[in-house]
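Beneath this line is the structure, given in structure tokens, with notes to follow.
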Amino acid sequence: MPIFISYSHKDKEFVDRLAMQLVRRNVNVWLDRWELSVGDSLVDKVQEAVDGASALLVVLSKASVESEWCKKELSAGLLRELEEKRVVVMPVMLEACDVPVFARGKLFADFRTDFDSGLTSVVEGVAKVTNPSLGRVKESLYHTDWSIDWGDVNGRFAIILNYVQVPNKEQHTCLTNIEILSTPAATRLFERMKAESGVDAAKMHVVGLLREKINDSGGLQPRLSDERERIFKFAMKGTGPGEAYDVRIGVRRLGEDSGRDVLVNTANVIASTYQHMKEVLKTPNGKRPQ
């Protein structure tokens, strides 16, 4: 989901510069002057954007701390922090001003003396909600860390997904490795999608196909009884002419042997990866500023 920037229009020159620098680093940004069209309901569109944003960057300046609009946007963001119990609002200090109470206990990106230093702080602060290729899925009994790698294998596009599932109380982990190798036709489709929508959207298309394939097959929940890798191989068709992939999934257990079998919900973690990518890459109205 995009990063919402709350600011006073008196600071629009700074905000434009900040937003463009974030876009160049592949961060999705929601900026009112980019997203609103003539006839749009200002209140509805802004509320929708605040509710759907991954985070709110609140630009603090003499003008913004007096702005009623900024106060409303901030109130909505702080309410989400309380409901979701996570950091949603990130202060951006543009100039010395009367700092609102909410920001006095928070780390903030400081742009007062050095733009580049402040930009680095913002990029680091939003990284975990703007990277579509890395993530963590938290469950009540365990968490799963995952990543996506991709590249060329003898002229054919390939995606590799790695999952490490770590139980909260058990003395073992589970490692899942998924290799997806495209046909020449699928490789050409990937290159076309990458040129039109970006490499992350092209990767998400392939992960979405994998999610649908496994769901249509009744799910994939391998049972691990020892240290040996369980391997699954199958062909996967796409939606375009000649689009197809060879898929290899390997699942194994590492660590202490408890004497009990371990059930790995591979279908669930793949679905979580797809959902994370979808949310990170999503922008209101389907637009991604260039």
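A few points about this structure:
- Selection within segment 133-163 - hydrophobic (A, V, I, L, M, F, W, C) and within 20 Å of residue 251 (Cβ to Cβ): 137, 141, 146, 148, 158, 159, 160, 161
- Within the option set 220, 189, being touching a helix residue (DSSP H, G or I) at 6+ places or on another chain (Cβ under 9 Å), part of a loop (DSSP other than H, G, I, E, B) and modelled with pLDDT under 95 holds for one residue only, 220.
- Count of segment 108-146 residues which are closer than 20 Å to residue 25 by Cβ and either polar (S, T, N, Q) or without any contact (Cβ under 8 Å) to a residue 12 or more places away in the chain (or both): 11
- Within segment 152-167, the set of residues being farther than 16 Å from residue 184 by Cβ and of a type outside the set (A, V, I, L, M) comprises 162, 163, 165, 167.
- So residue 252, is it surrounded by fewer than 17 Cβ atoms within 10 Å (Cβ to Cβ) and either modelled with pLDDT of 90 or more or in the same structural domain as residue 182 (by TED's automatic domain parsing) (or both): no
- Of the numbered criteria (1) under 14 Å from residue 270 (Cα atoms); (2) among the aliphatic types (A, V, I, L, M); (3) touching a strand residue (DSSP E or B) at 6+ places or on another chain (Cβ under 8 Å); (4) in contact (Cβ under 8 Å) with a residue 24 or more places away in the chain, the one residue 158 fails is (1).
The values are calculated or read from the model by the stated rules, or taken from the named source; none is laboratory data. Computed from a prediction, not measured in an experiment: that's the story for all the values here. Neighbour counts are summed over all protein chains in view; Cβ atoms, including those assigned to glycine, are modelled from backbone coordinates with ideal geometry.
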